[in-house]
Amino acid sequence: MIGIKRTGREIFFFVAFVNKPFVSLPFSSITSMGLDNCEVAVALLLFLSCSCSVYGDAGDTITTSQPIKDPEAIVSAGKRFQLGFFKPVNSTYRYVGIWYSNISAATPVLWVANRNKPINDSSGMMTISDDGNLVVLNGKGEVLWSSKVSNGSNQSTAQLTDDGNLVLKAGPNGNLVWQSFQQPTDTYLPKMRLSANARTGNKTLLMSWRSSSDPSVGNFSAGLNPLGIPEFFIWNNGHPFWRSGPWGGKNFIGIPGMYTSVYLRGFTLQDEGDGTFTLSSIQDPAYRLTHVLTSHGKFTEQYWDYGKQGWEYDWEVPSTECDIYGKCGPFGSCDAQNSPICTCLKGFVAKHQDEWNKGIWTSGCVRLTSLQCDRIQNGSEVGKEDGFIKLEMMKVPTFADYWPYPSSEQECKDECLKNCSCVAYSYYKDFGCMAWTGNLIDIQKFSEGGTDLNIRLAYTELGNCYNIF
């Protein structure tokens with residue numbers, strides 16, 4: 001007997017022979033991930049090579065005449081991905097999902113179709129409906145999930161590609177009308193494109209599971225924020241939870257080591273010219289690299305180690321208290337190496353000192369001495385021109401404006417001084433001039449990476465500080 005066993009969000013493949021005990025192979029890659037005593041008996045490659053009614057001759061395609069019924073599945077042409085039915089741990093519900101195929105250890109579910117409407121039993125089916133939509137039905141024929149396209153046809157076909165993308169094609173010419181990459185679950189795969197439009201507000205978002213046993217939409221979402229210079233955000237019920245820092249041409253400035261990472265540096269961000277920005281990865285899908293938004297709001301990176309035959313967990317955010325969005329409030333700076341972690345920028349004091357003393361920092365800090373422009377407007381003594389204090393290796397504040405005209409750091413500084421609303425600037429290598437107005441929120445001191453941040457202060461606040469110019 002050959003079959004599939006699911007524990008949590010992971011799938012195990014097993015085999016038992018007539019009149020022989022269950023065969024178990026102790027994969028070191030599984031125990032290294034803390035999954036002791038898991039029973040795994042055979043590699044998926046062996047599983048797929050066997051004659052088994054679970055797969056039949058479905059290939060990689062679903063049509064009106066060739067649906068899949070639980071527990072049937074389809075496998076992409078190159079045997080990289082599989083689409084079928086699964087049951088999460090501690091749950092009796094059934095779902096249609098996509099996971100890696102041909103792997104000799106546990107593999108995570110990458111995409112779920114009917115995540116918000118589970119199947120109560122094993123009577124489920126995925127097929128093409130009369131109007132050309134890809135649908136998931138229960139045993140009563142009720143539609144639990146649909147691709148919801150208006151331009152389908154009775155000749156529509158759904159195909160699972162070797163990129164892990166489930167695509168719906170309509171008509172005799174096979175026009176692409178829908179794809180799972182445009183409606184992701186909680187996992188980002190190479191070749192997937194996450195887009196956001198600053199004009200319409202439309203975004204392609206990753207949406208976390210509710211819990212490890214419930215794939216319905218959870219509290220956390222992640223995607224691009226296109227306002228100002230684009231950044232990658234995690235939101236908790238719509239509120240900012242973590243951000244990447246602005247895109248600096250080759251990397252996100254607020255992710256230390258991104259430019260030198262073998263995996264993180266594969267990302268590119270494209271300005272489509274109509275207010276739309278698109279984040280994509282140039283990594284080969286054969287690397288089996290995934291980025292997952294967990295039910296606890298962590299954005300994690302994992303990849304398949306072909307040598308160890310197991311999953312390696314390489315990186316995650318947020319990783320410190322300082323990574324939490326706005327931890328120290330406006331004009332506060334967070335340093336995970338310090339105690340307390342929050343301090344006011346030079347020239348600023350805590351807005352509510354009693355709260356600050358208790359470690360409640362979200363109200364932030366306020367300026368001690370007004371800037372020259374404010375003093376002119378108030379009719380007070382003008383005094384000397386403002387200056388800047390330089391902070392090094394910083395995660396710069398959120399909502400930066402890009403100024404395309406300054407071609408040097410000096411010009412960037414001069415432009416900021418001319419603008420009464422400008423309270424800080426940064427000139428990032430190979431990118432250009434960034435400037436901020438209003439409150440400076442979510443500033444962090446790094447031990448490596450980041451960039452210089454220049455804070456505008458009244459001349460009397462500069463004193464004899466180092467790094468003033």
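What residue, among those in region 190-222 that are out of contact with any strand residue (DSSP E or B) (no Cβ under 9 Å at 6 or more places or on another chain) and either in a strand (DSSP E or B) or closer than 17 Å to residue 240 by Cβ (or both), is modelled with the lowest pLDDT? Walk me through how you get there before you give the answer.
Restricting attention to region 190-222, the residues satisfying the condition of being out of contact with any strand residue (DSSP E or B) (no Cβ under 9 Å at 6 or more places or on another chain) are 201, 212-214.
Pick out the ones that are also either in a strand (DSSP E or B) or closer than 17 Å to residue 240 by Cβ (or both) and you get 201, 214.
Details: 201: 93, 214: 98.
Per the stated criteria, the residue is 201.
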**Prompt:** In region 342-390, which residues are polar (S, T, N, Q), assigned to a loop (DSSP other than H, G, I, E, B) and under 27 Å from residue 323 (Cα atoms)?
**Reply:** 362, 363
**Message:** Exactly one of these conditions fails for residue 429: (1) at pLDDT 95 or above; (2) over 13 Å from residue 455 (Cβ atoms). Give me its number.
**Reply:** (1)
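Quick one: would you say residue 426 is in a loop (DSSP other than H, G, I, E, B) and in the same structural domain as residue 329 (by TED's automatic domain parsing)? Reasoning before the result, please.
Details: in a loop (DSSP other than H, G, I, E, B): no; in the same structural domain as residue 329 (by TED's automatic domain parsing): yes.
For residue 426, the condition - in a loop (DSSP other than H, G, I, E, B) and in the same structural domain as residue 329 (by TED's automatic domain parsing) - is not met.
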**Prompt:** Among the residues of region 37-59, is any at negative phi, at pLDDT 95 or above, of a type in the set (D, E, K, R) and surrounded by fewer than 23 Cβ atoms within 10 Å (Cβ to Cβ)?
**Reply:** no
**Item:** Residue selected from region 304-343 under the condition in contact with a strand residue (DSSP E or B) (Cβ under 7 Å, 6 or more places away or on another chain) and of a type in the set (D, E, K, R), by the criterion surrounded by the most Cβ atoms within 10 Å (Cβ to Cβ)
**Value:** 327
**Item:** Any chance residue 355 is outside the structural domain of residue 109 (by TED's automatic domain parsing), over 23 Å from residue 255 (Cβ atoms) and of a type in the set (D, E, K, R)
**Value:** yes
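Determine whether residue 295 is surrounded by 17 or more Cβ atoms within 10 Å (Cβ to Cβ), not assigned by TED's automatic domain parsing to the domain that holds residue 100 and not in a loop (DSSP other than H, G, I, E, B). Can you show your working first?
Working: surrounded by 17 or more Cβ atoms within 10 Å (Cβ to Cβ): yes; not assigned by TED's automatic domain parsing to the domain that holds residue 100: yes; not in a loop (DSSP other than H, G, I, E, B): no.
Considered against the rule, which asks whether it is surrounded by 17 or more Cβ atoms within 10 Å (Cβ to Cβ), not assigned by TED's automatic domain parsing to the domain that holds residue 100 and not in a loop (DSSP other than H, G, I, E, B), residue 295 comes out as no.
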**Request:** Collect the residues in region 318-351 that are farther than 22 Å from residue 255 by Cα and touching a Gly at 6+ places or on another chain (Cβ under 9 Å), keeping them in residue-number order.
**Result:** 340, 344, 346, 348, 350, 351
**Asked** Inside region 120-136, can you point out the residues that are under 18 Å from residue 168 (Cβ atoms) and touching a strand residue (DSSP E or B) at 6+ places or on another chain (Cβ under 8 Å)?
**Response** 125, 126, 127, 128, 129, 132, 133, 134, 135, 136
**Item:** Residues that are assigned to a strand (DSSP E or B) and not hydroxyl-bearing (Ser, Thr, Tyr), drawn from region 162-189
**Value:** 166, 167, 168, 169, 170, 175, 176, 177, 178, 179
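How many residues does region 223-238 hold that are farther than 17 Å from residue 194 by Cβ and in a strand (DSSP E or B)?
The first filter runs over region 223-238 and keeps only residues farther than 17 Å from residue 194 by Cβ, leaving 228, 236-238.
Then drop every residue that is not in a strand (DSSP E or B), which leaves 236.
The number of residues fulfilling the criteria is 1.
Take residue 165 and tell me if it is in contact with a Lys or Arg (Cβ under 9 Å, 6 or more places away or on another chain), under 16 Å from residue 114 (Cβ atoms) and in the same structural domain as residue 64 (by TED's automatic domain parsing). Even if it seems obvious, please write down each step before you answer.
Working: in contact with a Lys or Arg (Cβ under 9 Å, 6 or more places away or on another chain): yes; under 16 Å from residue 114 (Cβ atoms): no; in the same structural domain as residue 64 (by TED's automatic domain parsing): yes.
In short, no.
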**Prompt:** Would you say residue 119 is within 22 Å of residue 165 (Cβ to Cβ) and either modelled with pLDDT of 95 or more or buried (at least 22 other Cβ atoms within 10 Å of the Cβ) (or both)?
**Reply:** no
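Conditions (1) within 27 Å of the chain's Cα centre (by Cα); (2) surrounded by fewer than 19 Cβ atoms within 10 Å (Cβ to Cβ), marked per residue:
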position: 133; (1), (2): no, no
position: 142; (1), (2): no, yes
position: 154; (1), (2): no, yes
position: 178; (1), (2): yes, no
position: 207; (1), (2): yes, no
**Message:** Condition (residue is surrounded by fewer than 20 Cβ atoms within 10 Å (Cβ to Cβ), modelled with pLDDT of 95 or more, assigned to a strand (DSSP E or B) and under 17 Å from the mean Cα position of the chain (by Cα)) applied to region 239-259: is it met by at least one residue?
**Reply:** yes
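Just checking, how many residues over region 330-341 are of a type in the set (A, V, I, L, M, F, W, C) and not in a loop (DSSP other than H, G, I, E, B)? Step through it out loud before you land on a result.
Filtering region 330-341 down to residues of a type in the set (A, V, I, L, M, F, W, C) leaves 331, 334, 336, 341.
From what is left, the residues that are not in a loop (DSSP other than H, G, I, E, B) are 334.
Number satisfying all stated conditions: 1.
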**Asked** Can you name the condition, by its number, that residue 460 falls short on among (1) assigned to a helix (DSSP H, G or I); (2) at pLDDT 95 or above?
**Response** (2)
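Any idea which of 315, 311, 304 is assigned to a strand (DSSP E or B) and without any contact (Cβ under 8 Å) to a residue 60 or more places away in the chain?
315
The values are calculated or read from the model by the stated rules, or taken from the named source; none is laboratory data. These numbers were taken from a predicted model, which means no experiment stands behind them. Neighbour counts run over all protein chains shown; Cβ positions are idealised from the backbone, glycine included.
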